[in-house]
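Participant: First, the structure itself, so that you have it in front of you.
Only the coordinates and a few stated rules stand behind these numbers; no lab work does. Given the structure is predicted, the values throughout are model-derived calculations rather than measurements. Positions of Cβ are backbone-derived with ideal geometry, glycine not excepted, and every protein chain shown enters the neighbour counts.
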Amino acid sequence: MESVQTFAEKVINNVEKAIIGKHQVVEQTLIALLCQGHVLIEDVPGTGKTTLALAVARSTGCSFRRLQFTPDMLPSDVTGVSVFNQKTREFEFRPGPVFAQIVLTDEINRATPKTQSALLEAMEERQVTVDGHTYPMELPFLVLATQNPIEYEGTFPLPEAQLDRFMLRINLGYPDKISEMNILSAQQFTHPITTLQQVVTQEELLEVQKSVRQIYVDDLVKTYIIDLCTATREHPDVYLGASPRGSLALYRTGQILAAIRQRDYVIPDDVKYLAESTLAHRLIISPAARIKNITAKDVIRDILTSVPVPGARVTGKDGRQAATQKKVFQLTP
């Protein structure tokens with residue numbers, strides 16, 4: 001797994017020349033790319049969402065296209081359209097902006113549901129169907145969608161089916177004082193993104209995507225993943241819990257994180273580290289819980305403290321320790 005760690009370090013270090021002070025965000029974006037998943041970035045304007053997508057594309061040598069979603073956009077503005085060629089007397093397909101390896105869909109919730117749905121097939125099946133013809137996407141393929149969590153006027157919230165197709169939801173947040181000072185210094189003369197160079201090849205990226213599937217996941221860890229997702233479905237504050245796609249997302253991202261940390265096996269800490277990013281956006285909080293200002297992240301944190309970790313004991317509210325798992329967590333080769 002040393003090659004995976006070396007690959008990840010090259011990309012992360014290069015991206016952090018443009019995205020300063022956000023190591024966890026950059027790491028999780030790379031995890032989604034290596035998992036062949038997609039990322040929903042939810043944050044206020046000006047925090048570096050577009051820069052993050054462009055930096056990842058330049059670091060990996062992938063083609064990049066940016067889509068600014070607006071209410072008047074049509075599905076054909078995303079997927080492309082067939083145009084009649086008068087010379088050949090045949091229809092020719094003109095690919096849309098989605099036919100790139102890294103696609104940034106800016107303010108995705110400003111487009112109508114019909115236009116939003118144009119991304120569903122591309123995100124899940126890696127193909128687009130137009131006028132009865134199916135066109136495959138070029139691999140690797142990553143969708144980075146952004147939305148503003150503050151301004152909801154004139155927006156169309158993403159349906160649950162589309163939210164479920166995003167492997168991770170991340171937040172950049174405001175930088176701390178030192179990081180913001182470094183940002184000002186770095187951009188005194190020019191933006192660092194303009195000088196960012198490619199550090200890995202697409203062939204290396206595709207090879208890493210295949211190799212990380214070999215990371216070992218013990219049955220106890222698999223059971224822990226399932227227990228977490230089951231707890232979201234049974235939690236009193238949740239109307240709709242995480243789907244099996246959520247379990248698979250937690251499983252796949254755990255494999256990548258283990259490889260990045262130079263391990264050939266997944267441990268429960270990997271699962272706990274990624275649980276909030278992979279599961280929170282898949283939950284629908286009940287109306288009664290929303291009145292109490294309970295969020296999906298609050299539910300995930302509560303579940304992580306209540307669901308027993310393999311081979312561990314938890315302390316109850318009364319201060320007493322209760323045995324939660326007789327098996328001791330052991331990794332078998």
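Participant: Report, in degrees rounded to the nearest 10, the 0 to 90 angle that the Cα long axis of helix 177-186 makes with the longest principal axis of the chain.
Facilitator: So the helix axis and the longest Cα principal axis differ by about 30 degrees.
Participant: Any idea what angle helix 202-211 forms with the longest principal axis of the chain, computed on alpha-carbon atoms, 0 to 90 degrees, nearest 10?
Facilitator: Once rounded, the angle reads 30 degrees.
Participant: Let me ask you something else. Choose one of T134, S247, L119: the residue whose Cα lies farthest towards the positive end of the charge dipole of the chain (beta-carbon charges +1 Lys, Arg; -1 Asp, Glu; about the Cα centre).
Facilitator: Result: S247.
Participant: For a label point 7 Å from the Cα of I291 along Cα→C-beta, name the residues of region 234-270 whose backbone N is under 20 Å from it.
Facilitator: In region 234-270, the label zone of I291 (backbone N under 20 Å from the point 7 Å along Cα→Cβ) covers 235-240.
Participant: With labels modelled as points extended 7 Å from the Cα through the Cβ direction, what inter-label distance (nm, one decimal) is found for N148 paired with F93?
Facilitator: Placing both labels 7 Å beyond Cα along the Cβ direction yields 3.5 nm.
Participant: Cut-off 10 angstrom, C-alpha nodes, Gaussian network model of the chain. Which of T79, T305, T112 fluctuates the most?
Facilitator: Result: T305 has the largest fluctuation of those listed.
Participant: Which of Y265, Q197, N109 sits farthest toward the positive end of the charge dipole of the chain, with +1 on the Cβ of Lys and Arg and -1 on the Cβ of Asp and Glu?
Facilitator: Toward the positive end, the furthest listed residue is Y265.
Participant: When the helix-only estimate is applied to the chain (DSSP H runs of n ≥ 4, each -39,500 (n - 2.57), divided by the residue count), what is the mean residue ellipticity at 222 nm, nearest 500 deg cm²/dmol?
Facilitator: On the way: 14 runs with 137 residues, N = 333.
My calculation for the chain gives -12000 deg cm²/dmol from helical runs alone.
Participant: Calculate, in nm to one decimal, what T190 and S3 gain on full extension: separation in residues at 0.36 nm each, minus their alpha carbon distance.
Facilitator: Values: separation 187, 0.36 × 187 = 67.32 nm, distance 3.31 nm.
Additional length available on full extension: 64.0 nm.
Participant: Sticking with this one: Work out the length of the dipole vector of the chain about its Cα centre, built from +1 on the beta-carbon of each Lys and Arg and -1 on the beta-carbon of each Asp and Glu, and round it to the nearest 20 debye.
Facilitator: Numbers: 35 positive and 38 negative charges, 101 e Å.
Roughly 480 debye, rounded to the nearest 20.
Participant: Can you give the angle from 0 to 90° between the axis of helix 268-279 and the longest principal axis of the chain, with both taken from C-alpha atoms, to the nearest 10?
Facilitator: The two axes meet at around 50 degrees.
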